[in-house]
Amino acid sequence: MNDAPVIAIRGLEKRFGSHVVLRGVDITVGHGEVVVLIGRSGSGKSTLVRCVAGLTPIDGGQIDLFGTIVARHATRLPAGPVRAARRRVGMVFQDFNLFPHLNAERNVSLSLQKVQRMARAQAQERARMALAKVGLGEFAARFPYQLSGGQQQRVAIARALALEPEVMLFDEPTSALDPELKREVLVVMRALAEEGMTMVIVTHEMNFARGVADRVVFMDGGAVVEEGPPQVMLTAPRQDATRIFLRDLIEA
């Protein structure tokens, strides 16, 4: 891993009205590192990754991507460098957000044409390569209604990968899937980790976190409570709040 962080979050704050969602969050992510965010619903994990992706404005602190400041509270930043840095980041959501009237290949290639102004033939070729990477090369002509939930989520991952990001953000990508369909999505994510993709993953899949994460971050009440390697965080955490969360998760 390079010494300089790919993502640097400092003092991040976010409020929705009077409700404080993020309270002075500090997190850094190194090149090739896989960081898993865990915590109860409402702890601020999804809001955090949406702020990093530029989908949610911040109310305090600063976010750097690849050494470029992309968000700083009450500061107007030069649009060009911010856009260039954000284009190096891909995101996959809980919902698949596929266009129902477009087949898998077109769902992937459309963003290439719209975002990167790529010629249609070139975009189609890259889309087919991205679909093959997630194990859906033979499903390019199928429409979302002809695909399982796991396959639709893999199309969504292919759509993000086709833009050739250097960082991937995942916001509970398996939460809408039945247990049998989760595995095929997690297999793709595990392969990305093994290839060295830098990733920040919000998930409740503790076995996946144990096997893939370099670092696990536990959030509670909009703040980072503790962080560390999965072998420590998931078996012998230091803080009572982390232990209670893991116990409740096992007993659920």
Boolean, VAL187 is within 15 Å of the chain's Cα centre (by Cα), of a type in the set (Val, Ile, Thr) and farther than 21 Å from SER109 by Cβ: no
In the range 224-241, the residues that are surrounded by 16 or more Cβ atoms within 10 Å (Cβ to Cβ) and either within 22 Å of the chain's Cα centre (by Cα) or without any contact (Cβ under 8 Å) to a residue 12 or more places away in the chain (or both): VAL224, VAL225, GLU226, GLU227, GLY228, PRO230, MET233, LEU234
Verdict on LEU131 being over 17 Å from the mean Cα position of the chain (by Cα), within 22 Å of ILE201 (Cα to Cα) and surrounded by 19 or more Cβ atoms within 10 Å (Cβ to Cβ): yes
Tally of residues being surrounded by fewer than 20 Cβ atoms within 10 Å (Cβ to Cβ) and modelled with pLDDT of 95 or more across the range 104-116: 3
Test: ALA193 is touching a residue at least 60 places away in the same chain (Cβ under 8 Å), under 30 Å from SER148 (Cβ atoms) and surrounded by fewer than 22 Cβ atoms within 10 Å (Cβ to Cβ): yes
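Conditions (1) of a type in the set (Phe, Trp, Tyr); (2) closer than 30 Å to ARG15 by Cβ; (3) modelled with pLDDT under 95; (4) touching a strand residue (DSSP E or B) at 6+ places or on another chain (Cβ under 6 Å), marked per residue:
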{"residue": "VAL185", "(1), (2), (3), (4)": "no, no, no, no"}
{"residue": "MET189", "(1), (2), (3), (4)": "no, no, no, no"}
{"residue": "THR198", "(1), (2), (3), (4)": "no, yes, no, yes"}
{"residue": "ASP214", "(1), (2), (3), (4)": "no, no, no, yes"}
Residue in the range 198-215 that is of a type in the set (A, V, I, L, M) and in a loop (DSSP other than H, G, I, E, B) present: yes
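The values are calculated or read from the model by the stated rules, or taken from the named source; none is laboratory data. Just so it is clear, the structure is predicted and the values come from calculations on it, not from any experiment. Please note: Cβ atoms are built from the backbone with ideal geometry, for glycine as well, and neighbour counts cover all protein chains shown.
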